[in-house]
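The values are calculated or read from the model by the stated rules, or taken from the named source; none is laboratory data. Not measured: the values here are computed from a predicted model. With ideal geometry, Cβ positions are generated from the backbone for all residues, glycine too; neighbour counts draw on all protein chains shown. Accessible surface areas use protein heavy atoms only, side chains included; no ligands, DNA or RNA. Shrake-Rupley method; radii C 1.70, N 1.55, O 1.52, S 1.80 Å.
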Amino acid sequence: MKSLKSGLIVLGTVGLLLLGACSNATQESNSASNTESSTATNTSKTETAKSHGKIEHSDKEHSHGGQVVESGQYHLELVTHKEDKGSHLDFIIEKGEKHEIVSNAKVTAQVQLPDGTQKTLDFKYDAKDKHYTAALPGNAPGQYPVKVTADIGGEKVNGRFTVNQ
């Protein structure tokens, strides 16, 4: 009877050690698997965004220092400047691989303020600086999601950005 108890204790101890070793290996493999899954998801999102013609990236050659969104053949960029009474917004639209300036668009933005209310901004084209401008009044701290819509000769182009105050 004593040998049976001793055998069970030894068997139980060895089983627990093996279970503990397998558990650590599983955690490490899960961690590696999660990293691979996250990378695959990001790659998949990137490929999906490319196939839909919209992807955010940093194109330093044509960047003006703002947030950039590529939408089809259009390069959209939102540059923000903080001012005393709010923010000044510059919006650049360029077309094609040569990044030709688009000056004939009707540009509007839907801005969600930190309190949840919506504000519509109409951009005006500044021929001297070759971009569209608008003012976002208010200095409430927080993030302001911005959806910019440009109507270029009947073609609608959208970009989503975030303004931080």
Self-check item: Qualifying residues in segment 93-130 (those that are outside any loop (DSSP other than H, G, I, E, B), more than 25 Å from ASN164 (Cβ to Cβ) and not aromatic (Phe, Trp, Tyr)) - the one least open to solvent (accessible area, probe 1.4 Å)
Solution: ALA105
Practice problem: Among what's in segment 131-162 and is of a type in the set (Val, Ile, Thr) and surrounded by fewer than 19 Cβ atoms within 10 Å (Cβ to Cβ), pick the residue that is farthest from GLU83 (Cα to Cα). | Solution: ILE152
Exercise. Report whether or not ASP90 is charged (D, E, K, R), more than 15 Å from GLY66 (Cα to Cα) and either open to solvent by less than 50 Å² (accessible area, probe 1.4 Å) or not in a strand (DSSP E or B) (or both).
Key: no
Self-check item: Top-ranked residue of segment 131-165 - restricted to ones that are of a type outside the set (Gly, Ala, Ser) and not in a strand (DSSP E or B), ranked as modelled with the highest pLDDT
Solution: PRO141
